[in-house]
Amino acid sequence: MTKWIADYVSAQKAALDSIPHAQVESAILSLKKAWMEDRQVFIAGNGGSASNASHFITDLGKGASDKLRKRFRCLSLTDNVSWITALGNDYSYEDVFVGQLQNFARQGDVFIGVSVSGNSPNLVKAMEWSRKNGVETIALVGAKRGRMAELGHQTIVIDSTHYGRVEDAQMGILHMFCYAFMENPALVQ
């Protein structure tokens, strides 16, 4: 077991080392622009990525916003269970995120899609709609990249196909998105 743990940690370090710094910086600057222009930030994912999306919005909406002169307008599309189930039941599971974007998103807003495979149909559909409607798209994906990588105005790829490692690295990126504002006041001066 000790060797397995050491190997797992080593592979996790490799996944973290694959985080592309320039792309993370670019995404942070997009969030800064959204904040400056009072745009809305949306995020969605499935499974563990849904949990990461919820966690991110808590940190952006509370933690990062507490440090700023005005608050981020942000929403995780994974958090309204009754809306998700209504859209999934009445339309299809592919519509659970795009259906919400159709009500909330406006041109100039930001949509972050989080997926290991990059091919989650509901995220692909949300990203397609976002691009067609002037919403900036940021794709966080694993090494398979998938369709989401093509749809992202910005794409951040973790060089692994292991779900746990990619999700952990993606949460690290989402934390960086928040802590950039929490620990760098000059960012928004």
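A few notes on this one:
- Exposure proxy order (Cβ contacts within 10 Å, fewest to most) of MET148, MET182, MET36: MET36, MET182, MET148
- Sparse-neighbour loop sites [trypsin sites (Lys or Arg not before Pro); region 106-182; at most 10 other C-beta within 10 Å; DSSP]: none
- By the helix-only formula, in which each DSSP H run with n ≥ 4 contributes -39500 (n - 2.57) and the sum is divided by residues, the chain has a 222 nm mean residue ellipticity of -16500 deg cm²/dmol.
- Rounded to the nearest Hz, the phi-derived 3J(HN,Hα) couplings of region 24-30 under the Karplus curve 6.51 cos²θ - 1.76 cosθ + 1.60 (θ = phi - 60°) are 5, 4, 4, 5, 4, 5, 5, where x marks glycine and proline.
- Relative contact order %, the chain, counting alpha carbon pairs below 8 Å whose residues are six or more apart: 26
- Shape box of region 57-162 [Cα atoms, principal axes, largest first, Å]: 39, 37, 27
- Distance from the alpha carbon centroid of region 5-24 to that of region 61-102 works out to 29 angstrom.
- Packing-based exposure ordering (other Cβ within 10 Å, fewest first) of SER10, SER49: SER10, SER49
- At 1.306 mPa s and 10 °C, Stokes D of the chain from Kirkwood alpha-carbon radius, µm² per second: 95
- Size of charge dipole - the chain - debye, nearest 20, with Cβ of Lys, Arg +1 and Asp, Glu -1, no other charges: 320
- Violating pairs (Cα-Cα greater than 32 angstrom) within the set LYS3/LYS67; LYS13/LYS132; LYS62/LYS132; LYS3/LYS62: LYS3/LYS67; LYS13/LYS132; LYS3/LYS62
- Per-residue Cβ neighbour counts within 10 Å put LEU75, LEU16, LEU60 in the sequence LEU16, LEU75, LEU60, beginning with the fewest.
Only the coordinates and a few stated rules stand behind these numbers; no lab work does. Note that the structure is a prediction, hence the values are computed from the model and not measured. Please note: Cβ atoms are built from the backbone with ideal geometry, for glycine as well, and neighbour counts cover all protein chains shown.
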